[in-house]
Amino acid sequence: MTIMVTGGAGFIGTNLIITWLAQGGEPVVTLDKLTYAGNSLNLNLLPKDRHTLIVGDIGDRELVRKILTDYKPRAILNLAAETHVDRSIDGPGTFIETNVVGTFNLLEEVRRHYGALEINDAENFRFLHVSTDEVYGSLGPQDPPFTEKTAFAPNSPYSASKAASDHLVRAYHISYGLPTLTTNCSNNYGPYQFPEKLIPLMILNGLTEKPLPVYGDGQQIRDWLFVTDHARAIIEVLNKGRVGETYNIGGGAEKSNLEVIRSICTLLDQRKPIGRPHADLIEHIRDRPGHDRRYAIDSTKLSSEIGFNPQMDFETGLSTTVNWYLDNPSWVESVQSGAYRQWLDHHYGKAPLNGQEIDSLKS
Ligand code: NAD
Ligand code: TYD
């Protein structure tokens, strides 16, 4: 028995595979294109008899067909995606290619494979699609959190492409009977996250005394989920989830971006003092277009049906994350390629807001 993980060399995929194998799960075959966000080093230490990495695209139907024929996975966990909202605004094409067309091609091959399975194998087979709370759009301060019944209202090319993939997965269950499960989780944080995302970006900029770029007023709210809790939740949904259903996964830790950044600054002040508070490095910059104000997740279905609740509190999780980035400078070095530095120059190279513009954010 094998399971197949797409996007396994990325942040959540890596943590999921490590957690899966540590729990004694079957061998894993990973399909990953190794885009800028994928890092084969993450998976190098895994035992060779329990993990195989195949470099390729979820949209490559011949390759997917060959993997399904060769490995006969009893489950496919689809995590492969383009994932950074700012990049999706800068250039949405690859998001449509991978998240929409890639998912479609993968589903087509999985449908073909599923249709040829023996009855027992078909009964046990699952396709689990990992998605995001961003498909639900943006909440006001007093709105109730997203449930699985909240209507989709994506606001960025990233979230629109993920919403499209969620719809395809749903349709393949309804139209073809594919045994699917979908999870929509909140913002993850923890080890192995590519440093373009908020928390690792702030840790690494703080360490090197670079500005800490806050979009707009920094009062946008995210619900933070420690990545190992997310990995455990995915495994629980795979084992216990009802076929065709969607499960929201939240961290129960709603924080504004400024709160998160200030907490990182306090941790860095303790661990890597620079003679002044790291918070002095905070710089407000132009807001992200269409920036969602608040995400919040209602995980009642996950906890009542599956019995899953996150274990990590935000303070411990953040401290663990800061320590991991401090303790792994060679990993950090390995992911900061020339292309990544170019992205930073391109995206953050514009002039910071002037005093008047910052005052207008506060009013
Ligand atoms: P990531 O960007 O760190 O990793 C994505 C991985 O997918 C990389 O290894 C990349 O090489 C691979 N990939 C990209 N295009 C591919 C393709 N066409 N074929 C095969 N592999 C491809 O992303 P992540 O944070 O680990 O996210 C994993 C999944 O979880 C995504 O589907 C994302 O939408 C979802 N998600 C992430 C978060 C979060 O906070 N990180 C929150 C909610 C949902
Ligand atoms: P991000 O990590 O990109 O995740 P997402 O957009 O999927 O929620 O961003 C988290 C929040 O942090 C979001 O509100 C945007 C904000 N942010 C900044 O203020 N500055 C930054 O440099 C980045 C990358 C994000």
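The values are calculated or read from the model by the stated rules, or taken from the named source; none is laboratory data. Bear in mind that the values here come from a model prediction, so they are computed numbers and not experimental data. Every residue, glycine among them, receives a Cβ derived from its backbone with ideal geometry; neighbour counts consider all protein chains shown. Accessible surface areas use protein heavy atoms only, side chains included; no ligands, DNA or RNA. Shrake-Rupley method; radii C 1.70, N 1.55, O 1.52, S 1.80 Å.
Things to note:
- Inter-centroid distance (Cα atoms) of the stretch 265-285 relative to the stretch 1-68, Å: 37
- Shape category assigned to the stretch 178-235 from the gyration tensor of Cα positions, a/c cut at 1.5: prolate
- Pair Val332, Arg276: separation of 7 Å Cα→Cβ label points (nm): 2.0
- Taking a straight line from the alpha carbon of Lys33, these lysines sit under 19 Å away, with near neighbours fewer than eight places off in the same chain left out: Lys66, Lys162.
- Taking the 1.4 Å solvent-accessible surface of the stretch 1-113 as the whole, the part contributed by carbon and sulfur is 55%.
- When the charge dipole of the stretch 118-197 is built from unit charges on Cβ atoms (+1 for Lys and Arg, -1 for Asp and Glu) and taken about the Cα centre, the candidate among Asn184, His129, Ile174 whose Cα reaches farthest toward its positive end is Asn184.
- Packing-based ranking, highest mean first, of 74-86, 151-163 given that Cβ atoms within 10 Å are counted: 74-86, 151-163
- Length-normalised contact order for the chain - Cα pairs under 8 Å, 6+ apart - percent: 17
- Ligands, DNA and RNA are left out, and with a 1.4 angstrom probe the accessible area of the chain is 43 Å² per residue.
- Size descriptor, Kirkwood hydrodynamic radius, that averages inverse alpha-carbon separations across the chain, Å: 21.1
- Only lysines eight or more places from Lys350 in sequence, or on another chain, were considered; those with a Cα closer than 18 Å are Lys210.
- Length added when fully stretched, Glu305-Lys350, from 0.36 nm per residue minus Cα-Cα: 11.4 nm
- Rg/Rh for the stretch 204-349, where both radii come from Cα atoms and Rh is the Kirkwood radius: 1.02
- All Cα pairs of the stretch 167-280, percent lying beyond 25 Å: 39
- Inter-part distance, the stretch 321-363 to the stretch 210-263, computed on C-alpha centroids, equals 20 Å.
- Net charge dipole size for the chain [Lys, Arg +1 and Asp, Glu -1 on Cβ; Debye, nearest 20]: 300
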